[in-house]
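Encoded as C-alpha cells, the structure appears first; notes follow it.
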Amino acid sequence: MRVVNMLNAKSNLSKLVDAVESGAEREIVIARAGRPAVRIVPLAAKKPVRIGIADGRYKVPQTLEEFDAGNAEIAELFENSKIFPDDMLSEAHIGKILKDAVRRHGGK
C-alpha cells in the first residue's frame, strides 16, 4: 500500500490512477496532513452485456471441430446431387449452347 500526500496526489493523479488500473499498485492512500484520508482502488470489473434479439437462441461453435461438424453432409449434397443430368454438360451440349448464342446475336 502506497501513501502519497495531497499535493503529490493533485500533481500526479493520472499516474496514480494508471498504477491502480494496471495492477502495479493494489491501492493508493492519499493523506492530508499526514493522516490517511482516502483510498484509490480499482472498481470491480463489469460483466460484459450481450445485446441482440437472438441472444441465447443459437449455439456458437467453440472449437474448429464443432464449426466443421456439418461439412461432410454439405459436401455429400454437392458431390452427389442430381440437379443436372450427367449428359447435360457434355462437350457436344456446351458446343450447341454456344452456337445458338452466337446465332442469336448475329454471328454465323
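The values are calculated or read from the model by the stated rules, or taken from the named source; none is laboratory data. Only a predicted model underlies this, so the values are computations on that prediction, with no experimental measurement involved. So basically every Cβ, Gly included, is an ideal-geometry build from the backbone, and we count neighbours across all protein chains shown.
Points worth noting:
- Val4 being more than 40 Å from the chain's Cα centre (by Cα), surrounded by 10 or more Cβ atoms within 10 Å (Cβ to Cβ), modelled with pLDDT of 90 or more and not in a helix (DSSP H, G or I): yes
- If you check Arg57, Arg39 for being assigned to a loop (DSSP other than H, G, I, E, B) and free of Cβ contacts under 8 Å to residues at least 40 places away in the same chain, only one passes: Arg57.
- Residues in the range 74-88 that are assigned to a helix (DSSP H, G or I) and not β-branched (Val, Ile, Thr) were compared, and the one that is modelled with the lowest pLDDT is Asp87.
- Looking across the range 16-26 at every residue that is of a type in the set (D, E, K, R) and closer than 19 Å to Ala37 by Cα, the one that is surrounded by the fewest Cβ atoms within 10 Å (Cβ to Cβ) is identified as Arg26.
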